[in-house]
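Below is one structure, written out as structure tokens, with a few remarks after it.
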Amino acid sequence: MRLLVVEDESGIRDLLIRGLTEDGHEVDGTATAEDAMVRASEGFYEGYLLDVLLPGLSGNDFCRWLRDQGVKAPILMLTARSSLTDKVEGLDSGADDYLTKPYEVAEVKARLRALARKAQGYPRPELAEADLVVNPNSRTARRGNQTLELSKKEFALLEYLMRNKGRLVTRAMIAQAVWNSETSLYTNVIDVFVAYLRKKVDEDRSPRLIHTVRGKGFLLSATPPPKTP
Ligand code: CA
């Protein structure tokens, strides 16, 4: 699963990221709810692990915000607080489960597996533009009745472009959402992957869907963006 860990204690955050990565998850970490909101808006996560006490907005605030955005992904609260009212507040804000510190990483993994099984009951809708259909559940894509053979990264890039269809996405946005990087170090890599993807999605097909906006980024749409003089 693609996971976001929000925990301001770097030692605990690193421990969680390491443990969950070992289990085959793709894990991002951040220390604040504010940064988590930016990441959640630009990327896509299948699960969230949230510390309650954070500098600035709390884990509960972030959790409530996620649910207000319509996010149905499982949310696991991790906290030092253990009083009943705190647990009730966490669950009321939309969390699925609650773990009190100190906890073992093994227990976090087990709870997450249980939540993931539950979450499979909420399939995510297919994304479509013209005859391109992307299924985030089966991680497959097709144009018309032809299945597109995509690598994991190509699929992640296509899903990101589809979630932002009709909108300009910059290379920096793609770097963060698909490569988990805030730098534009990956500019060349991104251009190469967009070229691969365009070949598979658009070659010998109409309408063309993946457009380059010169000097700015990319845009997926059945309607080409207006030419800038
Ligand atoms: Ca904390």
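The values are calculated or read from the model by the stated rules, or taken from the named source; none is laboratory data. If you're wondering where the values come from, they're calculated on a predicted model, not measured in any experiment. Using ideal geometry, Cβ is built from the backbone for each residue, glycine included, and neighbour counts are taken over all protein chains shown. Ligands, DNA and RNA are excluded from the accessible area calculation, which covers all protein heavy atoms including side chains. Shrake-Rupley method; radii C 1.70, N 1.55, O 1.52, S 1.80 Å.
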Next item on the list: Can you confirm whether the range 59-79 contains a residue that is away from the ligand (no atom under 11 Å from the Cβ) and at positive phi?
Entry: yes
Margin query: What's the total number of residues in the range 31-65 that are in contact with a Leu (Cβ under 7 Å, 6 or more places away or on another chain), more than 14 Å from Leu76 (Cα to Cα) and hydroxyl-bearing (Ser, Thr, Tyr)?
Written below: 1
Next item on the list: Give just the number: which of (1) open to solvent by less than 70 Å² (accessible area, probe 1.4 Å); (2) at pLDDT below 95 does Arg214 not satisfy?
Entry: (1)
Margin query: Of everything in the range 59-97, what is assigned to a strand (DSSP E or B) and open to solvent by 20 Å² or more (accessible area, probe 1.4 Å)? Give them in sequence order.
Written below: Asp97
Note to self: I'd like the full set of residues that are under 13 Å from the mean Cα position of the chain (by Cα), open to solvent by 20 Å² or more (accessible area, probe 1.4 Å) and within 14 Å of the ligand (Cβ to nearest atom), limited to the range 23-53.
What the structure shows: Gly29
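Okay, residues lined up against (1) modelled with pLDDT of 85 or more; (2) out of contact with any helix residue (DSSP H, G or I) (no Cβ under 7 Å at 6 or more places or on another chain):
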| position | (1), (2) |
| --- | --- |
| Asp68 | yes, yes |
| Ala73 | yes, no |
| Met77 | yes, no |
| Ser83 | no, yes |
| Asp86 | no, yes |
| Gly94 | yes, no |
| Ala106 | yes, yes |
| Ala114 | no, yes |
Check: Taking helices (runs of 4 or more DSSP H) that fall entirely within the range 148-227, which contain at least 2 residues that are in contact with a Ser or Thr (Cβ under 7 Å, 6 or more places away or on another chain) and aliphatic (A, V, I, L, M)?
Finding: 171-179
Next item on the list: State all residues of the range 207-222 that are in contact (Cβ under 8 Å) with a residue 40 or more places away in the chain and either closer than 12 Å to Gly166 by Cβ or hydrophobic (A, V, I, L, M, F, W, C) (or both); if no residue qualifies, say none.
Entry: Leu209, Ile210, Val213, Phe218, Leu219, Leu220, Ser221, Ala222
Checklist line | Residues satisfying the stated conditions in the range 152-166, i.e. free of Cβ contacts under 8 Å to residues at least 40 places away in the same chain and under 21 Å from Thr212 (Cα atoms) | finding: Phe155, Ala156
Checklist line | Filter result for the condition that a residue is open to solvent by less than 20 Å² (accessible area, probe 1.4 Å) and of a type outside the set (Val, Ile, Thr), over Gly56, Gly19, Gly11 | finding: Gly19
Next item on the list: Show the residue pairs that are 6+ apart or on different chains and have beta-carbon atoms under 8 Å apart, the first residue being within the range 44-55 and in contact (Cβ under 8 Å) with a residue 60 or more places away in the chain and over 15 Å from Arg117 (Cα atoms), the second being of a type in the set (Ser, Thr, Tyr) and more than 7 Å from the ligand (Cβ to nearest atom).
Entry: Phe44/Tyr160
